[in-house]
Amino acid sequence: MRTGDLKNPPRFFVIGDSHALFFAGAESLEETHAVIPGAHAGYRVFYVGPGLASSLVKPASANRTREKIEMALQEIHASGVKDIIFVFGEIDCRFHIRSRAIKNKGDHPDQWLEAAQLSATNYLNFLVEVKQRGFSPVVFAPIASTPRPVADIPWLTLGTVQERNWLTFRFNVLLARHCAAQHIPFVSLLDVLVDEKLQTKQGFSKDGTHLSQEFWPLWQERAKGAGLTV
């Protein structure tokens with residue numbers, strides 16, 4: 001699904017899960033299926049559903065994420081635009097990394113980190129492939145995890161808010177190192193979204209999960225700090 005200005009080539013294409021809709025002006029999950037006219041000129045968003053960062057390297061995932069991305073890349077290639085912002089990993093950190101650790105070796109932080117390393121490596125391998133195809137990938141890192149009680153969340157979730165944010169920090173550090181080694185810009189806002197106890201701060205989101213548009217200026221500031229022209 002595409003959102004945003006479809007008439008003129010954008011400065012950036014954006015491909016990702018529902019958190020990618022931050023770049024189209026969305027404030028809530030209910031808006032993720034809407035075209036928001038005029039929001040953030042220069043960005044065109046391909047929302048591909050709940051894809052996992054760890055699954056981007058292979059086809060035929062449950063969400064068919066790789067196939068959807070391939071379709072997007074065809075359009076992006078035809079446009080002549082090279083810069084693509086990828087937005088994946090929040091779902092991995094909220095549930096799938098820890099779930100894989102429990103299934104394979106056990107529910108312990110050491111196992112979480114091992115599973116996180118695999119997810120980060122898979123994500124990087126995908127990004128490197130995209131780069132080798134002539135595009136210029138950019139990573140928008142996973143944000144803080146929803147602070148709502150697990151029982152109130154309609155999506156798969158494991159652990160406390162602190163545990164999920166701890167794992168997100170570790171995943172982001174691993175991914176940032178990988179990206180730096182491959183000269184892939186990496187932008188994270190996670191540090192301003194949590195407090196010293198790794199609790200997600202109030203006000204980070206209008207719907208309790210997706211990043212508020214109030215953080216758009218911070219995205220622009222940090223993107224410039226990463227060497228991007230926004």
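The values are calculated or read from the model by the stated rules, or taken from the named source; none is laboratory data. Everything numeric in this text was worked out from a predicted model, so none of it was measured. Reconstructed Cβ throughout: ideal geometry from the backbone, glycine too, with neighbour counts over all protein chains shown.
Here are the numbers for this structure:
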quantity: Matching option when the condition is touching a Phe, Trp or Tyr at 6+ places or on another chain (Cβ under 9 Å), in a loop (DSSP other than H, G, I, E, B) and within 20 Å of residue 210 (Cα to Cα), among 158, 167; calculated: 158
quantity: Failed item in (1) closer than 11 Å to residue 15 by Cβ; (2) in contact with a Gly (Cβ under 9 Å, 6 or more places away or on another chain), with residue 72 passing the rest; calculated: (2)
quantity: Unmet requirement for residue 114, which otherwise passes all of (1) crowded, with 23+ Cβ neighbours inside 10 Å; (2) farther than 21 Å from residue 20 by Cβ; calculated: (1)
quantity: Verdict on residue 118 being among the aliphatic types (A, V, I, L, M) and at pLDDT 95 or above; calculated: yes
quantity: Any hit, region 96-106, residues being of a type in the set (Val, Ile, Thr), more than 14 Å from the chain's Cα centre (by Cα) and at pLDDT below 95; calculated: yes
quantity: From 213, 202, 132, 220, residue being in contact (Cβ under 8 Å) with a residue 24 or more places away in the chain, exposed (fewer than 15 other Cβ atoms within 10 Å of the Cβ) and of a type outside the set (Val, Ile, Thr); calculated: 202
quantity: Residue selected from region 1-57 under the condition surrounded by fewer than 20 Cβ atoms within 10 Å (Cβ to Cβ) and of a type in the set (Lys, Arg), by the criterion modelled with the lowest pLDDT; calculated: 2
quantity: First in region 162-177 and at pLDDT 95 or above, second anywhere and of a type in the set (Val, Ile, Thr), Cβ under 7 Å, 6 or more apart; calculated: 165/194; 165/200; 167/97; 171/97; 175/139
quantity: Per-region count, region 60-80, residues out of contact with any Ser or Thr (no Cβ under 9 Å at 6 or more places or on another chain) and either exposed (fewer than 13 other Cβ atoms within 10 Å of the Cβ) or outside any loop (DSSP other than H, G, I, E, B) (or both); calculated: 14
